[in-house]
């Protein structure tokens, strides 16, 4: 499977990154192991998680996903095969979430321990914290890079002005810069990334790995009526956000294209993301090996001009 280089780094990944938010939450450890085995067997190599996954679930405190992933890599002896990404900044440390030097240092040690590894390939600032100076955050990341605990840093949920400011700070202070961005971007959520932020990433050669590539499952066609709320723990939120006239237009377009190309709506939605010029690889979760098969098929699906035009029209704001 052809791999894509991330920004100006020496790290390359297959065209889809596996989202680890379900590990230890909607997918228990045995199921997660089966998904991860299938993902690697299909030729993929990049996995994204975060220290805060899945603190939102009753009885959880965060770190559940990293723990499952660490157990899997240890059991399979697969660490060297994986481009491993995790994130810092949303799990409360010292009483609150943040990106201070102390918080980053403590969080990194916790993630390394749970992941059973001595280095993280991509360490993301999970979201911007404007109350912490950018140079403090970047200097903390720089120390981790110098120590060999982190290979590359990235930003998630940063606006174009703040990402630009971070890049300038890194350049001025001779610090590692954010080489990769993780934004919310899919057929349903286009406005926040397209335009200024996408143009900045293209201009600065920053890799882009959008999260919620399938709009939390909506673009699979799983949620088509109010009754579908019960299909998953996040069903109510998905239906409330996306099941509207625009969402229905997008699903209809996906259905038409999927039928013509002998594909699934999920495959078409991911193929659309992979065709966007700024995108390195979309992030998509899977809670069963059969869903990994969908991801593998999406990686080789090419959309023609007719499909691109139909999706552009259906997803227009």
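The values are calculated or read from the model by the stated rules, or taken from the named source; none is laboratory data. The structure displayed is predicted, hence computed values, not measured ones. When we count neighbours, we look across all protein chains shown, and the Cβ atoms used for this are built from the backbone with ideal geometry, even at glycine.
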Task: Single condition residue 220 does not satisfy, out of (1) without any contact (Cβ under 8 Å) to a residue 12 or more places away in the chain; (2) under 18 Å from the mean Cα position of the chain (by Cα) - done: (1)
TODO: Can you work out which of the residues in segment 127-157 that are crowded, with 22+ Cβ neighbours inside 10 Å and under 19 Å from the mean Cα position of the chain (by Cα) is farthest from residue 183 (Cα to Cα)?
DONE: 150
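Do we have residue 88 as modelled with pLDDT of 95 or more, surrounded by 24 or more Cβ atoms within 10 Å (Cβ to Cβ) and over 17 Å from residue 153 (Cα atoms) here? Quick ask: steps written out before the conclusion?
Working: modelled with pLDDT of 95 or more: yes; surrounded by 24 or more Cβ atoms within 10 Å (Cβ to Cβ): yes; over 17 Å from residue 153 (Cα atoms): no.
Here the answer is no, as residue 88 does not meet what is asked.
Starting from residues that are crowded, with 16+ Cβ neighbours inside 10 Å, assigned to a loop (DSSP other than H, G, I, E, B) and out of contact with any helix residue (DSSP H, G or I) (no Cβ under 6 Å at 6 or more places or on another chain), keep the ones in segment 285-317 and report whichever is modelled with the highest pLDDT.
Step one: list which residues in segment 285-317 are crowded, with 16+ Cβ neighbours inside 10 Å, which gives 285-287, 289, 291-292, 294-299, 301, 303, 307, 310-311, 314-315.
If we keep only those that are assigned to a loop (DSSP other than H, G, I, E, B) too, we end up with 286-287, 299, 301, 303, 315.
Remaining after also requiring out of contact with any helix residue (DSSP H, G or I) (no Cβ under 6 Å at 6 or more places or on another chain): 287, 299.
Values: 287: 92, 299: 96.
Among those that are crowded, with 16+ Cβ neighbours inside 10 Å, assigned to a loop (DSSP other than H, G, I, E, B) and out of contact with any helix residue (DSSP H, G or I) (no Cβ under 6 Å at 6 or more places or on another chain), it is 299.
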Task: Hits in segment 4-51 (condition: touching a strand residue (DSSP E or B) at 6+ places or on another chain (Cβ under 8 Å), farther than 21 Å from residue 214 by Cα and assigned to a loop (DSSP other than H, G, I, E, B)) - done: 6, 7, 8, 9, 11, 51
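Just checking, does segment 239-247 include any residue being closer than 30 Å to residue 10 by Cα and either modelled with pLDDT under 95 or not in a helix (DSSP H, G or I) (or both)? Break it down stepwise before answering.
Restricting attention to segment 239-247, the residues satisfying the condition of being closer than 30 Å to residue 10 by Cα are none.
No, every residue in segment 239-247 fails to be closer than 30 Å to residue 10 by Cα and either modelled with pLDDT under 95 or not in a helix (DSSP H, G or I) (or both).
Would segment 222-243 turn up any residue that is touching a strand residue (DSSP E or B) at 6+ places or on another chain (Cβ under 9 Å) and crowded, with 17+ Cβ neighbours inside 10 Å?
Step one: list which residues in segment 222-243 are touching a strand residue (DSSP E or B) at 6+ places or on another chain (Cβ under 9 Å), which gives none.
No, every residue in segment 222-243 fails to be touching a strand residue (DSSP E or B) at 6+ places or on another chain (Cβ under 9 Å) and crowded, with 17+ Cβ neighbours inside 10 Å.
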Open item on the list: I'd like to verify a number: residues in segment 2-39 that are crowded, with 19+ Cβ neighbours inside 10 Å and in contact with a helix residue (DSSP H, G or I) (Cβ under 9 Å, 6 or more places away or on another chain), how many?
Closed with: 16
TODO: State the number of residues belonging to segment 270-279 that are within 30 Å of residue 28 (Cα to Cα) and either free of Cβ contacts under 8 Å to residues at least 40 places away in the same chain or surrounded by 23 or more Cβ atoms within 10 Å (Cβ to Cβ) (or both).
DONE: 3
- [ ] Could you tell me which residue of segment 200-216 is modelled with the lowest pLDDT, considering only residues that are under 29 Å from residue 265 (Cβ atoms) and part of a helix (DSSP H, G or I)?
- [x] 216
